[in-house]
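Novice: Have a look at the structure that comes next, please.
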Amino acid sequence: MKNLISIDSLHIFFIIVSGMFGAVFGSFCNVCIYRFPRGESVIKPASHCPKCQNPIAWYDNIPLISWVILLGKCRHCKASISIQYPLIELITALLFVIVYLKFRFSLATIVYCFLSAGLVIVIVQDLQTWTIPDEITLTGILVGIGVSLLGMFFPEQGLRVQNPIESIDGVALGALLICLMDLIVILLMKKPGMGFGDVKLLSMLGAFLGWRGVLGSLMIGSMVGSIIGFLVIFYYRYIKKIEEETEEETGTNDNNFYPIDPIASIFLGLSSIYLIIRLLLSLNHHISSTIPNEIIQGFSYLVIAFMVFSLLIALISIFIWRRQSSKDIKANMDLNEEEMEITLKAHYIPFGPYLSLGGFIFLLFGPELISKYLQILTITQQ
Ligand SMILES: [Zn+2]
């Protein structure tokens, strides 16, 4: 009993410690997010106010706390400090706690805390600047392969990939998949698809999570992306439109949003078709002694229905994208090249954040999701 209590308090202590580390790392993420796109070093000049250039003292640079004490204003020039800073510190802190709760006191916790901090930087920078930092992805690929070596020697440390071959498979498959889909998009739609940033990002996820992680991250990312994308479209089509009508102002860029970008749509469509066929084929074979056939069949149909739904989403988003791009080609006729690039950029929501989110969800639940899926298949195949 006494032992149990001490374990519990140790557990709580580690939760607090991982949260504190997360906040500190979130603070460093803020530095990276600000300096990577500007090509500045993240180490050399100490933190300074971007407005008045005054250096920020250590007591004004305590994650989360300083922002609250200073009421979000610079001590010297009173310029307001974006809420983005404490928000990213808070999110990173939460991610570190989640990773600790999942992997407990192990090597995996340390590795995956770093990985999630990297993903935070990728998500925010991709949303803000449409670029994914090589500093994270290229380094991440090498680190991920190195970590798989560690996994081989310390198999009890909870690392997801425990074989360098699996890690390298993941890197290759990640790059290959995005390039292939990019090629399809260019051939079919005659438009640039995903950038090379996404190639490196998925390769990095593959290095840490293996080839299963590549497929899983893409799947989850596409699904999350399609849901968020439709909410964004709904927002711009209906809610924004009402505001516009009252203001009597016609925005030109508001219709330039797609549920998910076309590559994700194609991937989602293809994997949906595959899964539907796979389940339909296995439906004919099952004879289970323990579970009534009706339940198995019902469940399989439910899964199939879900897949059909995601296939529909994929098709609709490709349709919207195609229609929009033919409209844009007409609209862009009299624009100069620079402006055209800007409208091209506005076409779809970047995919990097969805990929990163998919990778993080797969990191937490991947093996469980796969075994659940295989369970469905084997039950129906018996
Ligand atoms: Zn200042």
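Novice: Take the residue pairs Lys44/Lys200; Lys200/Lys372; Lys78/Lys200; Lys44/Lys73; Lys78/Lys102 and return only those whose Cα atoms are more than 32 Å apart. Mind dumping the intermediate values first?
Specialist: Working: Lys44/Lys200 27 Å; Lys200/Lys372 29 Å; Lys78/Lys200 40 Å; Lys44/Lys73 24 Å; Lys78/Lys102 41 Å.
Cα-Cα > 32 Å for Lys78/Lys200; Lys78/Lys102; rest within.
Novice: What's the local net charge at Ile361, with K and R +1, D and E -1, over the other residues with C-beta under 15 Å away?
Specialist: Net charge around Ile361: +3.
Novice: Further question on the same structure: Just to verify a number: FRET efficiency for Leu127 and Ile370, C-beta to C-beta distance, R0 = 30 Å, to 0.05?
Specialist: 0.55
Novice: Per residue of the stretch 131-147, in order, report the coupling 6.51 cos²θ - 1.76 cosθ + 1.60 (Karplus, θ = phi - 60°) as ³J(HN,Hα) in whole Hz, putting x for Gly and Pro.
Specialist: Karplus values, whole Hz, x for Gly and Pro: 10, 10, x, 4, 3, 7, 6, 5, 4, x, 4, 5, 4, x, 5, x, 5.
Novice: How do Val161, Val97 rank when sorted from fewest to most other Cβ atoms within 10 Å of their own Cβ? Present the calculation step by step, with values, prior to reporting the outcome.
Specialist: Values: Val161 27, Val97 20.
Lowest to highest Cβ neighbour count: Val97, Val161.
Novice: Kindly put Asp126, Asp134 in sequence by how many other C-beta atoms sit within 10 Å of each C-beta, fewest to most.
Specialist: Ranking Asp126, Asp134 by Cβ neighbours within 10 Å, fewest first, gives Asp134, Asp126.
Novice: On to the next question. Between Phe13 and Trp58, what is the FRET efficiency for a Förster distance of 25 Å, r being their Cβ-Cβ separation, to the nearest 0.05?
Specialist: Working: r = 25 Å, r/R0 = 0.98.
For Phe13 and Trp58, the calculated efficiency is 0.50.
Where a number appears in this text, it was derived from the coordinates with a stated rule and is not lab data. Keep in mind the model is a prediction, meaning the values are calculated, not measured. Cβ atoms come from the backbone with ideal geometry, glycine included; neighbour counts cover every protein chain shown.
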